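> One structure coming up, written as structure tokens, with questions to follow.
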Amino acid sequence: MSIPSVTAIVLCGGAGRRFGGDKTRADLAGSPVLDHVLDGLPSAWPVVCVGDPRPTARPVAWCREDPPGGGPVAAIAAALPHVDSPVVVVLGGDMPYAASPAPDLASRLAVGPGLDVVLGRDGDGRLQPLLAAYRTEALCAALPKPAAGTPLMRLLDSLRTLVVALPEGAALDVDTTADLDRARRRPRPTRHRLDP
């Protein structure tokens, strides 16, 4: 499957209350969690990070949601004006292994002309809207105004969706120090085809 022109939006502006600070800056094998996400993305994809700017392993554009701390829907709304591609892959910056299925999510969307989003489902059966490929135009149309405080799953209400199973570990997110310990013990997932 061919991969369309894609921009990655990486959300890294959460307060990290359960973690005790910014979890995207936590050390994982000598690099910040955020850099693990960024390093796994195709080098040709532009990346827009939403959060406080900081040095990263690859060049990215930075923006901030309004108001800061307004939630993931507000973060996506802040990033979209910086996107020129027809497809966006939205990832959580606290998901160090989320980049591995990203190219296949985008490819699945490219071959599904009736689809607005290809959404990952983790091994526990949870839908992962922060591990998904969206048609940019459809995502823009689905954003509520104001976006701040809107539950993330509400974005999916009006979108034509395909749900695919994610590789084991791809959706692991670092919300607590125990999650970070699990990430440290888990080998990095390799890129492979997603199951329907």
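The values are calculated or read from the model by the stated rules, or taken from the named source; none is laboratory data. A quick note: this is a predicted structure, and the numbers were derived from the prediction, not measured. Cβ sites come from the backbone with ideal geometry, for glycine too, and all protein chains shown count toward neighbours. All accessible areas refer to the heavy atoms of the entire protein, side chains included, with ligands and DNA or RNA removed. Shrake-Rupley method; radii C 1.70, N 1.55, O 1.52, S 1.80 Å.
> Suppose the chain between residue 126 and residue 158 were pulled fully straight at 0.36 nm per residue; how much longer would it get relative to their current alpha carbon spacing?
9.6 nm
> What does the C-alpha gyration tensor say about the overall shape of segment 18-158? Classify as rounded when a/c is under 1.5, otherwise prolate if a/b is larger than b/c, or oblate.
Values: a/c = 1.45, a/b = 1.21, b/c = 1.20.
Rounded, because the longest to shortest axis ratio a/c is under 1.5.
> If you don't mind, there's one more thing I want to ask. Per the Kirkwood formula on distinct C-alpha pairs, the Rh of segment 53-134 is how many angstrom?
Working: mean 1/r = 0.0713 Å⁻¹.
Result for segment 53-134 stands at 14.0 Å.
> Sort 116-125, 29-38, 84-93 for me by packing, meaning the mean count of neighbouring Cβ atoms within 10 Å per residue, highest on top. Walk me through the numbers on the way to the answer.
On the way: 116-125: 18.3, 29-38: 19.9, 84-93: 22.9.
Listed from highest to lowest mean packing, they are 84-93, 29-38, 116-125.
> Going highest first, how would you order 74-81, 52-59, 63-70 by mean Cβ packing within 10 Å? Don't skip to the end; give the middle numbers.
On the way: 74-81: 23.2, 52-59: 12.0, 63-70: 16.1.
Taking the mean over residues of other Cβ atoms within 10 Å, the ranking is 74-81, 63-70, 52-59.
> Checking the a/c ratio against 1.5 first, then a/b against b/c, what shape does the Cα gyration tensor give for segment 54-101?
Since a/c stays below 1.5, the shape of segment 54-101 is classed as rounded.
> Follow-up. Per-residue HN-Hα couplings for segment 69-83, Karplus 6.51 cos²θ - 1.76 cosθ + 1.60 at θ = phi - 60°, whole Hz, x for Gly and Pro?
The phi angles translate into x, x, x, x, 5, 5, 5, 4, 4, 5, 7, 4, x, 9, 9 Hz.
> Could you calculate the FRET efficiency of residue 168 with residue 66 from 1/(1 + (r/R0)^6), where r is the beta carbon distance between them and R0 is 30 Å, rounded to 0.05? List each step's numbers first, then the result.
On the way: r = 36 Å, r/R0 = 1.21.
Efficiency, from the Cβ-Cβ distance: 0.25.
> Still on this model: Per residue, how much accessible area does segment 48-151 show when a 1.4 Å probe rolls over the protein heavy atoms, in square angstrom? Spell out each step's value before the answer.
Values: 3950 Å² over 104 residues.
Each residue of segment 48-151 exposes 38 Å² on average to a 1.4 Å probe.
> May I pose another question? So, counting K/R as plus one and D/E as minus one, what does the shell of residues with Cβ under 13 Å around residue 134 add up to?
Working: positive: 108, 135, 160; negative: 116, 137.
Local net charge: +1.
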